[in-house]
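K.L.:
Dropping a structure here in structure tokens format, bear with me for questions.
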Amino acid sequence: MRYNEAAVFKWVLIFAVAVGSAIALTLLTSGLVGALYALVLAIIGSWYGIRWSREWWRNARDRPGGPDHKA
């Protein structure tokens, strides 16, 4: 599988900003608020990942060598 370097860099930056904001919020408020904020970010990230994987799987079926491709 080939990875697009620009797309990976984008996700590294998104992850860094999310973690940094959770740490900053935790330092500014209490640990509970930071943990709840991190949980919300994890749920949103999981939802987006599931949505992306479903779209990828749907598009992969049309490609040669995809999951439902008959040789």
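K.L.:
How high is the FRET efficiency from Arg54 to Val19, r the C-beta distance, R0 22 Å, rounded to 0.05? Don't jump to the answer; show the numbers that get you there.
P.N.:
On the way: r = 26 Å, r/R0 = 1.17.
My answer for the efficiency is 0.30.
K.L.:
Per-residue HN-Hα couplings for the stretch 35-46, Karplus 6.51 cos²θ - 1.76 cosθ + 1.60 at θ = phi - 60°, whole Hz, x for Gly and Pro?
P.N.:
Coupling constants for the stretch 35-46: 5, 5, 5, 5, 5, 4, 5, 5, 5, 5, x, 5 Hz.
K.L.:
Taking neighbour Cβ counts within 10 Å as the exposure measure, how do Ser53, Ser21 sort from fewest upward? Kindly include the intermediate steps, with their values, before the conclusion.
P.N.:
Working: Ser53 10, Ser21 14.
Going from sparsest to densest Cβ surroundings: Ser53, Ser21.
K.L.:
If you don't mind, another one. Just check the stretch 5-60 against the gyration tensor rule for me: Cα atoms, a ≥ b ≥ c as the square roots of the eigenvalues, rounded for a/c under 1.5, and otherwise prolate or oblate depending on whether a/b exceeds b/c. Don't skip to the end; give the middle numbers.
P.N.:
Values: a/c = 7.04, a/b = 1.93, b/c = 3.64.
It is oblate, given that a/c is not under 1.5 and a/b is not larger than b/c.
Throughout, read-outs are computed from the coordinates displayed, never taken from laboratory work. Keep in mind it's a predicted model, so treat the numbers as computed, not measured. Methodologically, a virtual Cβ is constructed for each residue, glycine included, from the backbone with ideal geometry; neighbour enumeration extends over all protein chains shown.
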